1. Write out, first by first residue and then by second, each pair whose Cβ atoms fall under 6 Å of each other, whose residues are 6+ apart or on separate chains, and whose first residue, in region 63-92, is farther than 18 Å from GLY33 by Cα and at pLDDT 75 or above while the second is aliphatic (A, V, I, L, M) and part of a helix (DSSP H, G or I).
2. Do we find that VAL57 is of a type in the set (A, V, I, L, M), more than 22 Å from ILE160 (Cα to Cα) and surrounded by fewer than 16 Cβ atoms within 10 Å (Cβ to Cβ) in this structure?
3. Does THR39 satisfy being polar (S, T, N, Q), under 22 Å from LEU93 (Cα atoms), out of contact with any Pro (no Cβ under 6 Å at 6 or more places or on another chain) and open to solvent by less than 70 Å² (accessible area, probe 1.4 Å)?
4. Search region 1-29 for residues being in contact with a Ser or Thr (Cβ under 9 Å, 6 or more places away or on another chain) and open to solvent by 60 Å² or more (accessible area, probe 1.4 Å), and hand back the single one that is modelled with the highest pLDDT.
5. Going by the conditions given, is VAL101 out of contact with any strand residue (DSSP E or B) (no Cβ under 9 Å at 6 or more places or on another chain), modelled with pLDDT under 80 and open to solvent by 60 Å² or more (accessible area, probe 1.4 Å)?
6. Among the listed residues VAL170, VAL141, which satisfies the condition of being under 30 Å from ALA22 (Cβ atoms) and out of contact with any Pro (no Cβ under 7 Å at 6 or more places or on another chain)?
7. For GLY148, which of the numbered conditions (1) closer than 30 Å to TRP29 by Cβ; (2) in contact with an Asp or Glu (Cβ under 9 Å, 6 or more places away or on another chain); (3) open to solvent by 30 Å² or more (accessible area, probe 1.4 Å) fails to hold?
8. Tell me the residue from THR25, THR49 that is hydroxyl-bearing (Ser, Thr, Tyr) and closer than 19 Å to GLU77 by Cα, please.
Amino acid sequence: PSLPPSRRPPPHQVFIPLLVDAMATEYAWHRQGASRPETCADLADAGETQTNCLRCVEGDGDVLVTANADGSETHAELDVLKLPGGINPTSFLFTCIALSVLFQAIAFVSVGALGDFGNHRKRGLVVSATTGAIVTCFYVVPPAKEDGSLYWLGGVLIIIANVCLGVSVVFYNSYLPLMVDDAPAVSELEAAAAAAAATA
C-alpha cells in the first residue's frame, strides 16, 4: 500500500530532507502492511469526518483517532514504526545529517592542507562543486518507487552532497588569502613598508 495521493507531494516541490523523511516514514508503514492514515487536520480542511486519522496529542504524540456513534472519540496508540536495522523513521534523516557532519570533519582535515598549500585550489573547488551538483541531480531517483523503499538512497545522497558542499567551501575560502594579498590597499601598504625599510 502507498500513501493516499493527497499526502504525496510532488518531488520537485519538496525540500529534499523533508522528502527523504517522508519516504522513510512511508516505507516503515509499508513494512507493517498498512498505509499511513490521513491527519485529522487534513480531513477537517476537506470538510470530512475526523475518524481513523492521526492527531498529535500533547504528551502522547501521534494517536489514531476514531469517532464513535455518540460523538465521542477513541484514541489508540500507534505501533512503533521501524526501518531495517531498528531505526525509527523519524530519526533516519537526523542520523544521515549527523553522519554527513562526521564525514565532513574527516574531509576537512584531509583536504584542508591542499587548499592552503600547492596549486590544488581550483581543481578541488571544481571537482567538489561538480560532484555535489551531480549528486543533487540524482534526487529525482528515490521518489521513483512509490513504496518509499529507496529512502536509503536519499540518505546516501544527503551525506555525499553535504560532504561535497563542505569541501567546496573549504577550497573556496582558500582563495581569501590570495585575494587579500592582491588587494590594492594591501599592495600600497607593503610598498610603503618596503620603502621605509630601505631608507632606514
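1. Note: pairs meeting the criteria are PHE92/ALA24.
2. Yes; evaluated as a whole, the condition is true for this residue.
3. Values: polar (S, T, N, Q): yes; under 22 Å from LEU93 (Cα atoms): yes; out of contact with any Pro (no Cβ under 6 Å at 6 or more places or on another chain): yes; open to solvent by less than 70 Å² (accessible area, probe 1.4 Å): yes.
Criteria met by THR39.
4. ARG8
5. No.
6. Working: VAL170 fails: under 30 Å from ALA22 (Cβ atoms).
When all the criteria are applied, what remains is VAL141.
7. Exception for GLY148: condition (3).
8. Values: THR49 fails: closer than 19 Å to GLU77 by Cα.
Within the list THR25, THR49, the selection yields THR25.
The values are calculated or read from the model by the stated rules, or taken from the named source; none is laboratory data. The shown structure was predicted, so the numbers you read here are calculated from the model rather than taken from an experiment. Heads up, the Cβs are rebuilt from the backbone with ideal geometry, glycines too, and the neighbour counts pull from every protein chain shown. Quick note on the areas: whole protein, heavy atoms, side chains included, nothing else; ligands and nucleic acids left out. Shrake-Rupley method; radii C 1.70, N 1.55, O 1.52, S 1.80 Å.
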